[in-house]
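Novice: Got a structure for you, written out below as structure tokens; questions coming shortly.
The values are calculated or read from the model by the stated rules, or taken from the named source; none is laboratory data. No experiment lies behind these values; they were computed from the predicted model shown. Note that we place each Cβ from the backbone using ideal geometry, even for glycine, and neighbour counts take in every protein chain shown. For the accessible areas, the whole protein counts, side chains as well, though only heavy atoms, and no ligand, DNA or RNA atoms are used. Shrake-Rupley method; radii C 1.70, N 1.55, O 1.52, S 1.80 Å.
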Amino acid sequence: MNAKKRTWKYDFKMNKGLYLLSIPVIAYFFVFSYLPMGGLLMAFENYKPARGLLGSEWVGLQNFIDFFTGPNFYTILRNTLVISLLSLVIAFPLTIVYALLLNEIKIKWFKKTVQTIHYLPYFVSMVVICSLIRDFVATNGFITNIMVNVFGIQRQNLLQNPDYFWAINLLSDIWQGLAYGAIFFVAAISGVSQELHEAAAIDGANRLQRAWHVTIPGIMPSIITMLVLKCGTLLSVGSDKILLLYNSSIYSTADVISTHVQRMGIEQMNYGYSTAVGLFNSVVGTILLLGSNALSAKLTDTSII
């Protein structure tokens, strides 16, 4: 015991500066991540602000039952999963492809110019992005004109048609976040040994073959890590853009768990119900993250833990 105490005291003495630097970080997570967890008690109550957290009526699992048996449960869950899976299956591989293509640009000034131009949409305010999207898909918008003239669809405001929302959301996500999402893979590609590329080139491999047999295997641990993290957020579709785009006519395809929580909690002030839905979302996300990480560790010997 004394040896352990001496070891701890010695470590603290030698790294006192690091421990002091960690205090703001610990305080931040304690105040904004751990203290709010006491509010999860609302998920099991018919919470009334006037009565407080300890004075509100205890209802047990009733809020969860109301959500699971509600008329919109399957629609909300389907929309959340479809939007997330579209991003996982289409947008995520495109970030890898974009990083590979960017790596093939050998002229430095041109490469930096392309990167800068493609990064710009990510740093534009979401309000501005959604305003542009609304203008593009309006009845006489740029994208609507293309759809009418090329594909022969009926002229209409595309955001008033629930059949188009998933595609609009996916394409706007790719437009805004493709380059930024590829930063991690661009950095990983830079760490792939150039000697392997030179050896493959000597053996007669062209650029495509070197990318497939050298670059992708070299960044596979990074790909798996990001894929595991993506799987953990399958039910965590952000509400900010959807709230700025959707309307009552497209609830059938645009309403997701996060927007449902916002509408029930803030607009209808059903705090217990919205907390229960948020807790369900967090628990399922944690299970998906741990499950995908365990599967990755078993199949590929790569995990985030």
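Novice: Of everything in segment 248-305 that's open to solvent by 40 Å² or more (accessible area, probe 1.4 Å) and assigned to a loop (DSSP other than H, G, I, E, B), which residue is farthest from I76 (Cα to Cα)?
Specialist: Checking each candidate, the answer is D301.
Novice: Which condition number in (1) modelled with pLDDT of 85 or more; (2) surrounded by 15 or more Cβ atoms within 10 Å (Cβ to Cβ) is the one that G232 fails?
Specialist: That leaves (1) as the condition not met.
Novice: Hey, does segment 94-114 have a residue that's in contact (Cβ under 8 Å) with a residue 24 or more places away in the chain and of a type in the set (V, I, T)?
Specialist: Yes, segment 94-114 has at least one match.
Novice: Here's something else I'd like to know. Can you say whether L229 is touching a residue at least 60 places away in the same chain (Cβ under 8 Å), within 30 Å of K111 (Cα to Cα) and part of a helix (DSSP H, G or I), as far as the supplied structure shows?
Specialist: yes
Novice: Being surrounded by fewer than 15 Cβ atoms within 10 Å (Cβ to Cβ), modelled with pLDDT under 85 and under 17 Å from S84 (Cβ atoms) is true for just one of D240, D203. Which residue is that?
Specialist: D240
Novice: For segment 180-190, indicate whether the set of residues that are among the hydroxyl-bearing types (S, T, Y) and open to solvent by less than 60 Å² (accessible area, probe 1.4 Å) is non-empty.
Specialist: The answer is no; no qualifying residue exists.
Novice: Filter segment 226-282 for residues that are closer than 20 Å to D66 by Cβ and in contact with a Leu (Cβ under 8 Å, 6 or more places away or on another chain) and give the result.
Specialist: L235, I257, T259, Q262, T275, L279, N281
Novice: Within segment 88-138, take every residue that is out of contact with any Leu (no Cβ under 9 Å at 6 or more places or on another chain) and of a type in the set (S, T, N, Q) and give me the one that is surrounded by the fewest Cβ atoms within 10 Å (Cβ to Cβ).
Specialist: Step by step, filter segment 88-138, then rank; the result is S125.
Novice: Which of the residues spanning segment 65-87 are over 16 Å from I168 (Cβ atoms), open to solvent by less than 30 Å² (accessible area, probe 1.4 Å) and in contact with a helix residue (DSSP H, G or I) (Cβ under 8 Å, 6 or more places away or on another chain)?
Specialist: Passing the criteria: F67, F73, I76, T80.
Novice: I would also like to ask the following. Within the set of pairs 6+ apart or on separate chains, which have a first residue in segment 195-224 that is free of Cβ contacts under 8 Å to residues at least 24 places away in the same chain and over 15 Å from A99 (Cβ atoms), a second that is open to solvent by 80 Å² or more (accessible area, probe 1.4 Å) and among the polar types (S, T, N, Q), and C-beta atoms under 9 Å apart?
Specialist: So the pair list comes out as A200/Q209.
Novice: Assuming H197 fulfils every condition listed in (1) modelled with pLDDT under 85; (2) under 30 Å from Y251 (Cα atoms); (3) not aromatic (F, W, Y) apart from one, which condition is it?
Specialist: Among (1) modelled with pLDDT under 85; (2) under 30 Å from Y251 (Cα atoms); (3) not aromatic (F, W, Y), the lone unmet condition for H197 is (2).
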